[in-house]
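Student: Below you'll find the structure I mean.
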Amino acid sequence: KFDQAIQFDGVGNFARGDCSNFPTGERTIAFWYSSDFSTSGGIFGYGGSNSTTCMASFLILMNHNSISSARHCDSNTLTYQNNGTFFSGSWHHAAVLTRNNGTCWFFDGEQKICNSIYINNTEVSDKDFGFGIVPTGLGYVPFPDANGYFQGMLDEFYIYSRALLDAE
């Protein structure tokens, strides 16, 4: 967070790579972000389907005063609504985890919202991941759909192949 973060301009900056070794079941995705723009954008996403444009991806989206984890077609969405501190320009830590009893969002070390949906069938073989944008439903980056590009900074982005304990 000291001049080391990746900056995204919200117009066309993104990073892409192969996600073949990313987790498909239990996982935790944790990162620091800073944004002072209340616009929507795809922060991160990976995976996709071989047969349909829905259901086999894992996405993190920021939309005005909310942040969500979802699959394409708004399935298995968990959204945390916020009073605007998402866009304070300050650094915030966010983590989303999914495990057999559900999915939870944590912000700045506090659990904020959970549901009972376990996202456990992300297809990753020969698919892309994207920072600053999400993949298409078929798993290819970029996908500048209604979610658009992220505007802000990301740092210390971690993907764990297990659901971290709440204390972690």
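Student: Determine, yes or no, whether Ser68 is polar (S, T, N, Q), modelled with pLDDT under 90, in a strand (DSSP E or B) and closer than 25 Å to Asp145 by Cβ. First the steps, then the outcome.
Tutor: On the way: polar (S, T, N, Q): yes; modelled with pLDDT under 90: yes; in a strand (DSSP E or B): yes; closer than 25 Å to Asp145 by Cβ: yes.
In short, yes.
Student: So, in region 20-51, how many residues would count as being closer than 20 Å to Gln81 by Cβ and β-branched (Val, Ile, Thr)?
Tutor: Count: 3.
Student: Now for a separate question. Please pick out the residue among Asp18, Asp74 that is of a type outside the set (A, V, I, L, M), modelled with pLDDT of 85 or more and either open to solvent by 10 Å² or more (accessible area, probe 1.4 Å) or out of contact with any Leu (no Cβ under 8 Å at 6 or more places or on another chain) (or both).
Tutor: Asp18
Student: Moving on. Need the failing condition index for Thr39 against (1) at pLDDT 85 or above; (2) open to solvent by 30 Å² or more (accessible area, probe 1.4 Å), just the number.
Tutor: Single failed check for Thr39: (1).
Student: In region 144-168, what residues are assigned to a strand (DSSP E or B) and out of contact with any Pro (no Cβ under 9 Å at 6 or more places or on another chain)? Steps first, answer last, please.
Tutor: We begin by selecting, within region 144-168, every residue assigned to a strand (DSSP E or B); these are 149, 151-160.
Selection gives Gln151, Gly152, Met153, Leu154, Asp155, Glu156, Phe157, Tyr158.
Student: Still on this structure, I have one more. Take Leu154 and decide whether it is open to solvent by 80 Å² or more (accessible area, probe 1.4 Å) and either more than 22 Å from Ser66 (Cβ to Cβ) or among the aliphatic types (A, V, I, L, M) (or both). Outline the logic, then answer.
Tutor: Working: open to solvent by 80 Å² or more (accessible area, probe 1.4 Å): no; either more than 22 Å from Ser66 (Cβ to Cβ) or among the aliphatic types (A, V, I, L, M) (or both): yes.
In short, no.
The values are calculated or read from the model by the stated rules, or taken from the named source; none is laboratory data. Computed from a predicted structure; not experimentally measured. Here Cβ is always computed from backbone atoms with ideal geometry, including for glycine, and neighbour counts include all displayed protein chains. For the accessible areas, the whole protein counts, side chains as well, though only heavy atoms, and no ligand, DNA or RNA atoms are used. Shrake-Rupley method; radii C 1.70, N 1.55, O 1.52, S 1.80 Å.
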